[in-house]
Amino acid sequence: MPLIDAGGLRHYYRMDGNDDRPVLMFAHSLGCDHTQWDAQAHDLQEHFRVLRYDLRGHGATDVPPGDYTIDLLAQDALAILDALGIDRFAFCGLSLGGMIGQSVAARAPRRVTHLVLANTSSHYTDPSPIEARRKTVLQQGMAALETSVMERFFTAESLTSNSTAVSRIRRVLLATKPEGYAACCAAVRDMNQTSTLAAIQIPVLIIVGDRDVSTPWDGHGDALAKGIAHAQVEHLPTAHLSNLERPRSFNAALIRFLLPK
């Protein structure tokens, strides 16, 4: 199992693709793990060294106690890159991963070549739903969130189809440690990065799911597009996990954005 000690924590990571390719780092959503990006790793490793990892509190990465912050999670990503000897990289994050991406780009602007922010936000004006989720999972466990989270992750049609992707994410969600999930909920609850968006001067692609009730265009995607100069925007007919519901469209958007014309 590829584990690395970085920033005082043991992280699980996976690298696919040839060593002579540029690095593309992926960060997953709350309640998922690195396997969220299987379809992207498969299609993009021809062009990139694809680096995936389990966020603090998720998967095979350590679950230290206490509330986490977005800046702390961004420090983790940079610590992994440092430990692997990677200086320059592109970054793609979805939901919580996109929140981390905003912080990474702000903290290390010289190192990030391109930034993809998928189904994400810079700030929740009403943090009470994520706080309620944090409390529920600590009191009742992951199963108490299964239905509500899956209905946000996927459209009703995707859930009815019970595809391999849906089944896999359901298993990952239920296997997530409640303490790690709750600690990351606290990071989302306390996040406000809107004022730092203007400092992001690198090429940025914003991907929005038109059926995403967690981070819809209004109040979330539009705020990112307004705050980041010259950001490109791609709309997909998906719920929250756009890379799983429309993997070909998602991958095509990444290739158009990341590869030289």
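The values are calculated or read from the model by the stated rules, or taken from the named source; none is laboratory data. This structure is a prediction, so every number in the text was calculated from the model and none was measured. Note that we place each Cβ from the backbone using ideal geometry, even for glycine, and neighbour counts take in every protein chain shown.
Write out, first by first residue and then by second, each pair whose Cβ atoms fall under 7 Å of each other, whose residues are 6+ apart or on separate chains, and whose first residue, in the stretch 134-153, is more than 15 Å from Gly180 (Cα to Cα) while the second is β-branched (Val, Ile, Thr) and outside any helix (DSSP H, G or I).
From residues that are more than 15 Å from Gly180 (Cα to Cα), the pairs are Arg152/Val213.
Out of curiosity, is Ser103 among the hydroxyl-bearing types (Ser, Thr, Tyr) and either more than 18 Å from Ser214 (Cα to Cα) or modelled with pLDDT under 95 (or both)? Full working, then the answer.
Values: among the hydroxyl-bearing types (Ser, Thr, Tyr): yes; either more than 18 Å from Ser214 (Cα to Cα) or modelled with pLDDT under 95 (or both): yes.
Answer is yes for this residue.
Exactly one of (1) among the hydroxyl-bearing types (Ser, Thr, Tyr); (2) within 23 Å of Arg133 (Cβ to Cβ); (3) touching a His at 6+ places or on another chain (Cβ under 8 Å) is unmet by Ser103. Its number?
So the condition that Ser103 fails would be (3).
With (1) over 15 Å from Ala165 (Cβ atoms); (2) under 18 Å from the mean Cα position of the chain (by Cα) as the list, and His230 as the residue in question, which single condition is left unmet?
The number of the failed condition is (2).
Do you know which residues across the stretch 14-39 are in contact with a helix residue (DSSP H, G or I) (Cβ under 6 Å, 6 or more places away or on another chain) and either modelled with pLDDT under 95 or not charged (D, E, K, R) (or both)?
Those that are in contact with a helix residue (DSSP H, G or I) (Cβ under 6 Å, 6 or more places away or on another chain) and either modelled with pLDDT under 95 or not charged (D, E, K, R) (or both): Phe26, Ala27, His28, Ser29, Leu30, Gly31, Cys32, Ala39.
If you scan the stretch 186-227, which residues turn out to be under 15 Å from the mean Cα position of the chain (by Cα), within 19 Å of Leu72 (Cβ to Cβ) and either without any contact (Cβ under 8 Å) to a residue 24 or more places away in the chain or assigned to a loop (DSSP other than H, G, I, E, B) (or both)?
Within the stretch 186-227, just Met191 meets the criteria.
Looking at the stretch 81-94, which of its residues are buried (at least 20 other Cβ atoms within 10 Å of the Cβ) and touching a residue at least 60 places away in the same chain (Cβ under 8 Å)? Break it down stepwise before answering.
Pass one, the stretch 81-94, residues buried (at least 20 other Cβ atoms within 10 Å of the Cβ): 81, 89-94.
Across the stretch 81-94, the qualifying residues are Phe89, Ala90, Phe91, Cys92, Gly93, Leu94.
Among the residues of the stretch 228-261, which ones are part of a helix (DSSP H, G or I) and among the small types (Gly, Ala, Ser)? Break it down into steps so the answer makes sense when it comes.
Step one: of the stretch 228-261, the residues part of a helix (DSSP H, G or I) are 242-245, 247-258.
Selection gives Ser242, Ser249, Ala252, Ala253.
Of all residues being among the aliphatic types (A, V, I, L, M) and out of contact with any strand residue (DSSP E or B) (no Cβ under 9 Å at 6 or more places or on another chain) in the stretch 7-59, which is surrounded by the most Cβ atoms within 10 Å (Cβ to Cβ)? Just the residue, please.
First, pick out the residues of the stretch 7-59 that are among the aliphatic types (A, V, I, L, M): 9, 15, 23-25, 27, 30, 39, 41, 44, 50-51, 55.
Going one step further and asking which of them are out of contact with any strand residue (DSSP E or B) (no Cβ under 9 Å at 6 or more places or on another chain), we end up with 9, 30, 39.
Details: Leu9: 17, Leu30: 25, Ala39: 16.
My answer is Leu30.
Quick check: is even one residue across the stretch 174-185 surrounded by fewer than 16 Cβ atoms within 10 Å (Cβ to Cβ), farther than 20 Å from Arg110 by Cα, more than 18 Å from the chain's Cα centre (by Cα) and not hydrophobic (A, V, I, L, M, F, W, C)?
Looking through the stretch 174-185, at least one residue is surrounded by fewer than 16 Cβ atoms within 10 Å (Cβ to Cβ), farther than 20 Å from Arg110 by Cα, more than 18 Å from the chain's Cα centre (by Cα) and not hydrophobic (A, V, I, L, M, F, W, C).
Would it be correct to say that Tyr12 is closer than 19 Å to Ala186 by Cβ, touching a residue at least 40 places away in the same chain (Cβ under 8 Å) and of a type in the set (Ser, Thr, Tyr)?
Working: closer than 19 Å to Ala186 by Cβ: no; touching a residue at least 40 places away in the same chain (Cβ under 8 Å): yes; of a type in the set (Ser, Thr, Tyr): yes.
Here the answer is no, as Tyr12 does not meet what is asked.
Out of the residues in the stretch 216-261 that are surrounded by 18 or more Cβ atoms within 10 Å (Cβ to Cβ) and hydroxyl-bearing (Ser, Thr, Tyr), state the one that is nearest to Pro109 (Cα to Cα).
Ser242
For the condition charged (D, E, K, R), within 26 Å of Ser122 (Cβ to Cβ) and free of Cβ contacts under 8 Å to residues at least 24 places away in the same chain, what is the one hit in Arg110, Arg56? Steps first, please.
Working: Arg56 fails: free of Cβ contacts under 8 Å to residues at least 24 places away in the same chain.
None of the others qualify; the one that does is Arg110.
Of the conditions (1) over 17 Å from the mean Cα position of the chain (by Cα); (2) closer than 30 Å to Pro260 by Cβ, Gln36 fails just one. Which one is it?
Result: Gln36 fails condition (1) only.
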